[in-house]
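Let me begin by presenting the structure, written as structure tokens, before commenting on it.
The values are calculated or read from the model by the stated rules, or taken from the named source; none is laboratory data. Predicted, not measured: the structure shown is a model, and the values here were computed from it. When we count neighbours, we look across all protein chains shown, and the Cβ atoms used for this are built from the backbone with ideal geometry, even at glycine.
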Amino acid sequence: MPENLKLSRLLKNRLSGLLVLCLFVFLISAEAAKFNAHKRYLYVQPGQSIFSIVKVLYPDQQEQWPKIIKKIVKINPHAFVGADATKIRVGERLELPSFTEKHKPVTSAKAVVYKKPRAVGQVISQRGKTFVLSSELKSRNLEVGSEVFVGDRIYTGVKGFVRLRMIDNAKIDLRCNSEMLIEDYQLVRGGNRSVIYLIKGSVKKITGSIGKLAEDIYEMRTPLATVGVRGTEYAIRVLQAHGCDGSVDVNSKGMFVKVNRGSIDIKTASKTRTLNTGEAIHMEDEYADIEGIQVNQGVFEAVQAEKKSYLFGSSVWLLWLLPIIIMLRKK
């Protein structure tokens with residue numbers, strides 16, 4: 001009897017364990033069904049934009065990017081401020097739609113030709129140390145005539161300078177000690193896009209055709225704020241307290257922006273401000289107010305040397321020489 005009792009207890013314990021295991025598997029299956037494993041999700045990280053997310057997750061569907069962005073905003077209203085694709089909330093979970101490209105059936109066995117990446121700009125002026133780190137982490141030096149591509153991270157040294165002409169005829173002056181990433185740049189009917197990330201340094205830009213149409217996507221992003229443009233010329237200096245190339249030192253590593261022509265929108269996580277021709281602002285950090293300032297000479301460009309006037313000195317010499325001239329004429 002004792003042996004039978006032990007066997008009975010052992011069998012009961014194993015059955016109980018099996019029931020607990022089945023219940024655990026059932027709960028996991030129910031939770032997985034609730035999360036919907038067939039869908040893709042992503043949590044928004046600091047520094048990410050909807051454009052950089054879509055570019056990484058849908059690399060082969062560039063023609064559908066505008067539709068994908070609209071779809072993401074529509075199914076994730078909690079992650080965007082006022083349904084604005086440029087105002088994404090950090091930390092929110094995005095549900096990502098599944099977009100599949102429709103291919104026409106192949107009727108003949110033709111060889112596949114792979115096209116090299118299309119250049120989005122070209123160097124038209126350069127001096128000092130300037131180089132690029134590509135999206136494949138390959139480094140190359142820049143010189144006049146060099147091409148730049150989406151994904152290129154451009155660096156300039158302490159005495160470096162590079163001027164780019166982009167495919168929409170925009171001009172970008174990247175000044176000394178700067179770092180800039182070309183996140184996206186396309187001329188596509190109904191979907192023009194220019195998204196550039198100025199990580200640090202000083203830049204002057206004259207916009208081209210992108211940004212002049214209502215449906216265009218234009219962003220000059222920085223660690224502190226984002227600039228939206230409607231056809232203009234402006235300058236930015238961010239995270240660069242020490243001047244170089246003739247510019248002056250400033251007391252802040254924050255962000256300075258000046259509009260030379262047209263108007264721009266400065267956007268932070270909580271504020272938006274419009275600047276017009278001649279106006280300038282300063283931000284101490286990403287949480288500070290957008291303060292209007294009177295910008296001093298040399299913050300964005302080299303200080304111009306003052307031309308000395310010798311008019312007064314010349315007049316004094318004439319006064320001294322006048323009696324001598326009169327005496328010589330009398331003789």
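Just a few scattered comments:
- Residues of region 158-185 satisfying the condition of being over 14 Å from the mean Cα position of the chain (by Cα) and of a type outside the set (D, E, K, R): VAL158, GLY160, PHE161, VAL162, LEU164, MET166, ILE167, ASN169, ALA170, CYS176, ASN177
- Residue list for region 188-202, restricted to those being more than 18 Å from SER49 (Cβ to Cβ) and surrounded by 17 or more Cβ atoms within 10 Å (Cβ to Cβ): GLY201, SER202
- Filtered residue count, region 273-291, keeping only those that are in contact with a strand residue (DSSP E or B) (Cβ under 6 Å, 6 or more places away or on another chain) and surrounded by 12 or more Cβ atoms within 10 Å (Cβ to Cβ): 11
- Members of region 138-173 that are among the aliphatic types (A, V, I, L, M) and either part of a loop (DSSP other than H, G, I, E, B) or not assigned by TED's automatic domain parsing to the domain that holds LYS204 (or both): LEU142, VAL144, VAL150, VAL158, ILE167, ALA170
- The listed residue being modelled with pLDDT of 55 or more and not basic (Lys, Arg), out of HIS38, HIS103, HIS78: HIS78
- Within region 282-305, restricting attention to residues that are over 17 Å from VAL238 (Cβ atoms) and hydrophobic (A, V, I, L, M, F, W, C), the residue that is nearest to the chain's Cα centre (by Cα) is ALA302.
- Qualifying positions in region 62-88 - over 22 Å from ILE196 (Cβ atoms) and part of a loop (DSSP other than H, G, I, E, B): ASN76
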